[in-house]
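These notes are about the structure you will find just below.
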Amino acid sequence: MLVLEEYFKGHRYQWDAPGYHSDMVQWDKDMMHKIMSCTKSFTSACIAIAIEEGFIDNVNRSIFDYLPGHHQYKSGGKEDITLEHLLTMTSGLEWNEWNAAHDTSANDIDRIYF
């Protein structure tokens, strides 16, 4: 296994100001950074390890098989969502990120932080 941790000098991108880059900053391990879609690679790798180690036997099983404390949300079609649906971003859940202003509760990505 090869692990590399390195920080690069770069701009901080401001979501509320498209195309605007602030001053150059030297990133370090203590600076918060929104990695967003980069997490898909890590999640997929972790799922692959879980399958290889026998923790997950089938990605076509319901997500609620892996979330035993959350069965109260098992309605409205969510009961049909599988682990594969989540991995391929095909769960069918509504997501409104592009049709609502950022920094408002109408924007689903921002609702995560409110």
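Computed values, structure above
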{"read-out": "Restricting region 52-91 to residues that are among the aromatic types (Phe, Trp, Tyr) and part of a helix (DSSP H, G or I), the residue that is surrounded by the fewest Cβ atoms within 10 Å (Cβ to Cβ)", "value": "TYR73"}
{"read-out": "Hits in region 68-114 (condition: under 18 Å from the mean Cα position of the chain (by Cα) and of a type in the set (S, T, N, Q))", "value": "THR82, THR88, THR90, SER91, ASN96, ASN107"}
{"read-out": "Pair list, Cβ < 9 Å and 6+ apart or interchain, from region 82-103 residues that are touching a residue at least 60 places away in the same chain (Cβ under 8 Å) to residues that are part of a loop (DSSP other than H, G, I, E, B)", "value": "HIS102/TRP15; HIS102/ASP16; ASP103/TRP15; ASP103/ASP16"}
{"read-out": "Checklist (1) out of contact with any helix residue (DSSP H, G or I) (no Cβ under 8 Å at 6 or more places or on another chain); (2) among the small types (Gly, Ala, Ser); (3) assigned to a helix (DSSP H, G or I) applied to ALA106, failing item", "value": "(3)"}
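Read-outs throughout are calculated quantities, based only on the coordinates presented, and are distinct from any laboratory measurement. Being a predicted model, the structure only gives us computed values, none of them experimental. All Cβ positions, even for glycine, are placed from backbone atoms using ideal geometry, and neighbour counts span all protein chains on display.
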